[in-house]
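To start, the structure itself, in structure tokens.
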Amino acid sequence: QVQLAESGGGLVQAGGSLRLSCAASGNIFKFNVAGWYRQAPGKQREWVARISGGGTTDYAASVKGRFTISRDNTKNTVYLQMNSLSPEDTAVYYCNYRPDWKLWGGPNVYWGQGTQVTVSS
């Protein structure tokens, strides 16, 4: 079992920055890929960024160049640095761990409870 706890969300003005953290605990050895997703009100959850155990990263087009995903394996923590935020980035942000490079589906995928990010104009 894997437990994920996000933190770092909040209210920020457009153009500002936030850093989200996702602390993992439990049996995470097999869950090599960490990702961030978000869900805005009335919209489907969408993928934001992912990082492999070796540090390979990948970003959705909407955040590329503004967001940076990183991980500290010694602390079992994944981060999402978000810069140049806009009101369109307002959403609940979720982290997940999974054993493969897929974006959706499959077994053994774990999600955190989410952290709210609100960007005011």
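Some observations on this one:
- First in segment 98-116 and farther than 14 Å from ALA34 by Cα, second anywhere and modelled with pLDDT under 95 and part of a loop (DSSP other than H, G, I, E, B), Cβ under 8 Å, 6 or more apart: GLY106/PRO99; GLY106/ASP100
- Segment 43-86, subset under 20 Å from ALA14 (Cβ atoms) and basic (Lys, Arg), residue farthest from the chain's Cα centre (by Cα): LYS43
- Of the residues making up segment 105-117, those that are surrounded by fewer than 16 Cβ atoms within 10 Å (Cβ to Cβ) and assigned to a strand (DSSP E or B) number 1.
- Residue ranges of strands (runs of 3 or more DSSP E) in segment 1-68 with at least 2 members open to solvent by 20 Å² or more (accessible area, probe 1.4 Å) and either free of Cβ contacts under 8 Å to residues at least 40 places away in the same chain or among the aromatic types (Phe, Trp, Tyr) (or both): 46-51, 57-59
- Taking the criterion of being open to solvent by 70 Å² or more (accessible area, probe 1.4 Å) and touching a residue at least 12 places away in the same chain (Cβ under 8 Å), the residues of segment 69-81 that qualify are ASN73, LYS75.
The values are calculated or read from the model by the stated rules, or taken from the named source; none is laboratory data. This one's a predicted model, so the numbers in the text were calculated from it and none came from an experiment. Cβ: placed from backbone, ideal geometry, glycine included. Neighbour counts: every protein chain shown. For accessibility, only protein heavy atoms count, side chains too; no ligands or nucleic acids. Shrake-Rupley method; radii C 1.70, N 1.55, O 1.52, S 1.80 Å.
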